Amino acid sequence: MFRFEKILPSTPESVQEQIKRIAHYEKIMQETENGSPELLKALSDYYSSSAWKRDYAADEAGLLPKDMKRGVLSEDGIYNLLEE
């Protein structure tokens, strides 16, 4: 029988740093409703970065607080926002 495990990419950062970054981009995501090109660019850059992938993997592994807002880690949420 095969056993599959999620393997997180090795990172030089702590979960607390990830939480801070996710909260920062979560705020940007909420502020982009006004259509600011600068904020959309920042969000797009984050979404295509390795940092987003690490943050997403940490969330999938259950390393982030359960009560934390994480809409910015939703692939569809950011994609839809960037397409509007």
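The listed residues are Asp55, Asp67, and the only one of them that is of a type in the set (Asp, Glu) and in contact with a Lys or Arg (Cβ under 8 Å, 6 or more places away or on another chain) turns out to be Asp55.
Given the criteria basic (Lys, Arg), assigned to a helix (DSSP H, G or I) and more than 11 Å from the chain's Cα centre (by Cα), does Lys66 qualify?
Values: basic (Lys, Arg): yes; assigned to a helix (DSSP H, G or I): no; more than 11 Å from the chain's Cα centre (by Cα): yes.
Criteria not met by Lys66.
Suppose the filter is in contact with a Ser or Thr (Cβ under 6 Å, 6 or more places away or on another chain), modelled with pLDDT under 90 and not aromatic (Phe, Trp, Tyr); does Leu40 pass it? Considered against the rule, which asks whether it is in contact with a Ser or Thr (Cβ under 6 Å, 6 or more places away or on another chain), modelled with pLDDT under 90 and not aromatic (Phe, Trp, Tyr), Leu40 comes out as yes.
The values are calculated or read from the model by the stated rules, or taken from the named source; none is laboratory data. Owing to the predicted nature of the structure, the values given are computational and were not obtained by experimental measurement. Cβ coordinates were reconstructed from backbone atoms using ideal geometry, including for glycine residues, and neighbour counts include every protein chain displayed.
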